[in-house]
Every structure is written in structure tokens, then in C-alpha cells.
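Participant: Structure in C-alpha cells, see below.
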Amino acid sequence: MRVASKLSSFIFHLSTCLLLTSCSEVLYLSVEQMIPPEIMPKYGAGSVGVVNNFSANNVIVINEDALIYPCNADSVKEHIALSFADAGMLDRVVVLDSLLYHPDSVAPHILTQEKVNALCERLEVDMLYSIDYACVTINRAPRTIGRPMNAYLCSRIYTPDKDTISGTATIDKKIVDSWAYDTAQVHEYMPLVPHLLAETAIEAYFPKWKERERVFYFDRLNYALREAKVYVGEGNWDAAAEQWRSLSTSKSRNQRYMAAYNMALYYEMTDSIDEAIAQLEQAKSLAVMADKQGNSIQLIDTALADKYREVLINRKKEIARLEAYIRE
């Protein structure tokens, strides 16, 4: 798979206050990070065969109170194949003829491993993308108030020489901002449904960028923290880190704590998660002090550090999955 090697980027966002002292606060940062696919069908897959695996009657009953309109099967298949091709992350996309089984079947048609192996070998693809059903539902309601329209799609990924299905993704996408007042309006939108479904159908199978929120400490009366804020806004993390490191020997425990916490953010932005976690542990050690009797006294609230540590542990798992995905 060809994916971006950079796992983190940033946009300076806004600020708010959480006081450590009368002048200190936390600034919020909007961060875009690449996250692994929800479903990882096969690391390193370079080709896919897209097949329509449902008939006009093969739809799921979403809601007993809803009217169900099956989509055009071949149109859905072709649009999804185009979405795979346009994503630019596969070398080859093959569109298969519809699989042959009884057209009146309403049960899911799960492919056998023997069938999967034979199809993948014949088509020379690494995996099969099976569309098991696609439909539009209209909630039953008085026409005077309108009825919301929703599109549903269920797809499965199959890979050769495996005993189980690799993954299933169900998409629930509201396809219009307005409401349907009559059947004619529904049919006006039906030709648009395959394209709208295809926009989101493959998202679960590829890495994507997600916006997340991070914070760092700032004190307008401290030169180093003021300068670091400017560098963060410019995206110059090394220069910001140099300012934060300068506070590691400060006489102020609060400043040393803020600097250690901020260095955790620096290490995350440079994809050094273990070092980031170590910095948070250092910050937490600065937040307590032993009294004369040896009892620990909590001097600084570490709620932000505790929360950030959990975030970093999860981020470490994401990066491991991404690296495995890229290596293969």
C-alpha cells in the first residue's frame, strides 16, 4: 500500500484557560493524524475484485416501520470499483460479473473459501470486495411532516487461503438534506444513491486522516513559553522544544511541570511516543512532594497528564498498525 509516511500534522487552533498560576493557561491545538483502517483486509494488498453479491430481494430489514427500496446492483458495483481506483492505493481494480445464485434469495450469500481462492487466482487479485446488499429506506410517517431518507450498504472483504471473512462494514448515510414527501421524490434520488454510497464505501479499508485536539501549557509572563507558542504556531517543533527544554532547570516547579508536559507533545508530533510517555511520567513526578513525615503531597493537578498518557498509549497502538500496514 502507498500511504503517507508522515503520521502527524498540525494547525494552530484556539486558546482557553486552565490556571496553574495567575498567568498560566493551556492552549488548544488542532492536530491531523493518520489512523489505520477500521478493517485491514490484507496488509500490502495491491489489487481487488469488486463483485455484486446481492439480488433485488437481498436486502436487510432495517426497520419494520420503514419502506425499503433496493438499489441498482450493477450501478453500485461499478461506482464502488471506481472509488477503489480513484483512491490511488491499489495497482489494479477488477469488476466482476454478478455472482450467480437464486435471484429470489433473501439470505446473505457468504462465499466459500474454495470459491474465493478460485476467483482470486483466476482474476489475479489479492482480495475480493463483495457487496451483499444496498438499499434506501424511507421512514413511515405522515407525508405532511416529511420522511427522512437513508442509504444502507453492507460489504465484505474476502482474501484467499483464509478460513474466515476478513471484515464487514455497514454504511448508514443520510443521502439528502431534505425530506421525502412522496414516492416520486424518492425515485428522483435513486440514481444518485450508488455514487453517494461509493463515496464512503471504501473508507473503512484504507488509512485516513482524522482531526484531534491536543493542549500545551503557556504562560504569558514567561519568555520561553511565549517564544514556544510562536514556534508551535509556525510548525517549528524543534525550536519550540528548545524553549521548553530551557525550563527544565527552572526554580519554579510549575514551570518545570509545564515544560515536561509540553515536551510530551513535541515527542508525539515527531512520532516518538515512548519518549512522550516518559515525559508525562516526569511531569507527574514533579507534581508531588514528600513532607517531613514522608507523606506525598499533591502540588499540581495531573488530570491532563493522566488523560494524555491514555491517549498516547492508544496512539502507539495505531502507529504500530500503520507501520505494519505500510511494511507489507
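Any read-out appearing in this document is the output of simple, stated calculations on the displayed coordinates, not a laboratory observation. Values in this document were obtained by computation on a predicted structure and should not be read as measured data. Neighbour counts are summed over all protein chains in view; Cβ atoms, including those assigned to glycine, are modelled from backbone coordinates with ideal geometry.
Participant: Counting other beta carbons within 10 Å of each Cβ, put Trp209, Trp237, Trp244 in order, fewest first.
Facilitator: Going from sparsest to densest Cβ surroundings: Trp209, Trp237, Trp244.
Participant: Taking the simple approach of a point 7 Å from Cα along Cα-to-Cβ for both Ala303 and Glu242, what is their distance in nm?
Facilitator: 3.6
Participant: Sort Phe84, Phe218, Phe54 so the one with the fewest other Cβ atoms within 10 Å of its own Cβ comes first.
Facilitator: The order, fewest Cβ neighbours first, is Phe218, Phe84, Phe54.
Participant: Also, I was wondering about something else. Calculate, for Asn314 and Met89, the FRET efficiency according to 1/(1 + (r/R0)^6) with r their C-beta to C-beta distance and R0 35 Å; round to the nearest 0.05. Before the final figure, lay out each step's value.
Facilitator: Details: r = 24 Å, r/R0 = 0.69.
The calculated FRET efficiency here is 0.90.
Participant: Scaled to the compact-protein estimate 2.2 N^0.38 Å, what is the alpha-carbon radius of gyration of segment 211-328, rounded to two decimal places? Mind dumping the intermediate values first?
Facilitator: Details: Rg = 15.6 Å, N = 118, 2.2 N^0.38 = 13.5 Å.
Cα Rg divided by the expected 2.2 N^0.38 Å: 1.16.
Participant: Give me, ordered by chain and number, the residues 5 or more places off Lys208 or on other chains with an amide H under 5 Å from its own placed amide H.
Facilitator: So Lys208 has HN proximity to Ile35.
Participant: If you don't mind, another one. R0 = 25 Å: FRET efficiency of Glu234 with Lys208, Cβ-based, nearest 0.05?
Facilitator: 0.40
Participant: Using the count of nearby Cβ atoms within 10 Å as a rough guide to exposure, how do Leu82, Leu197, Leu247 rank from fewest to most?
Facilitator: Fewest-to-most Cβ neighbours within 10 Å comes out as Leu82, Leu247, Leu197.
Participant: Aspartates and glutamates within cross-link reach of Lys284: Cα-Cα under 12 Å, excluding same-chain residues under 8 positions apart?
Facilitator: Asp301, Asp306
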